[in-house]
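The values are calculated or read from the model by the stated rules, or taken from the named source; none is laboratory data. Source: prediction; values computed, not measured. Ideal geometry is used to build each Cβ from the backbone, glycine not excepted, and the neighbour counts take in all protein chains shown.
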Amino acid sequence: MRRFPRTLRGVLLLLGVSTLTAVAVACGGSPTSPAVLPTLAEMTADKTMGDAGAAHTVIVYSSFTCPHCADFHLQTIAQLKSKYIDAGKVRLVFRDWERGFDLDIHAAMLARCAGDARYFDAVDTLFRNQASWAGSGEQALANVMRQFGMSQQVIDACLATTALHDAIVKSHNDAVSKWGVSGTPTSVVDDEHVIVGDVPLSGIEPYLK
């Protein structure tokens, strides 16, 4: 191992750089970068799409391992976005409603660990590739997220974030207590109209007049 003078080691310690890290850099290597996650506040906040001042708000409770949710997101929500959200008429709030097993919760966690800027890209990726991971387990889920661009370090750090796990479970419980949600997808329009199931856009539009 390359030795640094005592005075230099002292400077490195003052700067918060370990001797081992400095050795790695000096020898042509690079230190392992720490996994950087969004703040807990960002990860646990409601995920929204559209103008905050829109005339209508549609809350969608969804589960990442639910095939009906994938269809609803990729078809109905895509049409809602094109016709109403992009036009400033509807604000979408996407909330997790986990189905009681780890893989569902972990998918929701990983989407939130992508950060607000890429959250809905992660949601789209998970739903579009659902058939490749939802029935195959944790490693298949991790593979999809690595292909999305998330490092294994971030995946591991994300799934170890207990407070995020608990917030996703709480989202489920809150939906049950407030709206009586018993399955997914479930949509709530303007805190008043509860729409159950994978309905087409025409099943939501009467409440958007």
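Just wondering, is there one or more residues in segment 127-145 that are in contact with a Cys (Cβ under 6 Å, 6 or more places away or on another chain) and either over 21 Å from LEU74 (Cβ atoms) or not assigned by TED's automatic domain parsing to the domain that holds LYS178 (or both)?
no
If I ask for residues that are in a loop (DSSP other than H, G, I, E, B) and surrounded by fewer than 14 Cβ atoms within 10 Å (Cβ to Cβ), which ones from segment 105-142 would you list?
Answer for segment 105-142, where residues must be in a loop (DSSP other than H, G, I, E, B) and surrounded by fewer than 14 Cβ atoms within 10 Å (Cβ to Cβ): GLY135, SER136, GLY137.
State all residues of segment 155-209 that are in contact (Cβ under 8 Å) with a residue 24 or more places away in the chain, assigned to a strand (DSSP E or B) and under 18 Å from SER63 (Cα atoms); if no residue qualifies, say none.
Scanning segment 155-209 gives THR186, SER187, VAL188.
Look through VAL154, VAL196 and report the one residue that is out of contact with any Pro (no Cβ under 9 Å at 6 or more places or on another chain), of a type outside the set (Asp, Glu) and at pLDDT 95 or above.
Result: VAL154 is the single residue among VAL154, VAL196 that is out of contact with any Pro (no Cβ under 9 Å at 6 or more places or on another chain), of a type outside the set (Asp, Glu) and at pLDDT 95 or above.
Quick check: anything in segment 105-112 under 24 Å from GLU192 (Cα atoms), of a type in the set (Lys, Arg) and under 11 Å from the mean Cα position of the chain (by Cα)?
No, the conditions are met nowhere in segment 105-112.
Output yes when any residue across segment 91-104 is assigned by TED's automatic domain parsing to the domain that holds VAL154, part of a helix (DSSP H, G or I) and either touching a residue at least 40 places away in the same chain (Cβ under 8 Å) or of a type outside the set (Asp, Glu) (or both), and no when none is.
yes
For VAL176, are the conditions met, namely being in contact with a helix residue (DSSP H, G or I) (Cβ under 7 Å, 6 or more places away or on another chain), at pLDDT 95 or above, among the aliphatic types (A, V, I, L, M) and surrounded by 12 or more Cβ atoms within 10 Å (Cβ to Cβ)?
Taking the combined requirement at face value, the residue does not satisfy it.
Of all residues in segment 183-209 being surrounded by 16 or more Cβ atoms within 10 Å (Cβ to Cβ) and of a type outside the set (Val, Ile, Thr), which is farthest from PHE72 (Cα to Cα)?
LEU208
Only residues that are surrounded by fewer than 21 Cβ atoms within 10 Å (Cβ to Cβ) and either touching a residue at least 60 places away in the same chain (Cβ under 8 Å) or outside the structural domain of ARG146 (by TED's automatic domain parsing) (or both): list them for segment 77-90, please.
Passing the criteria: GLN79, LYS83, LYS89.
Within segment 52-90, count every residue that is among the aliphatic types (A, V, I, L, M) and in a helix (DSSP H, G or I).
Total meeting the criteria: 6.
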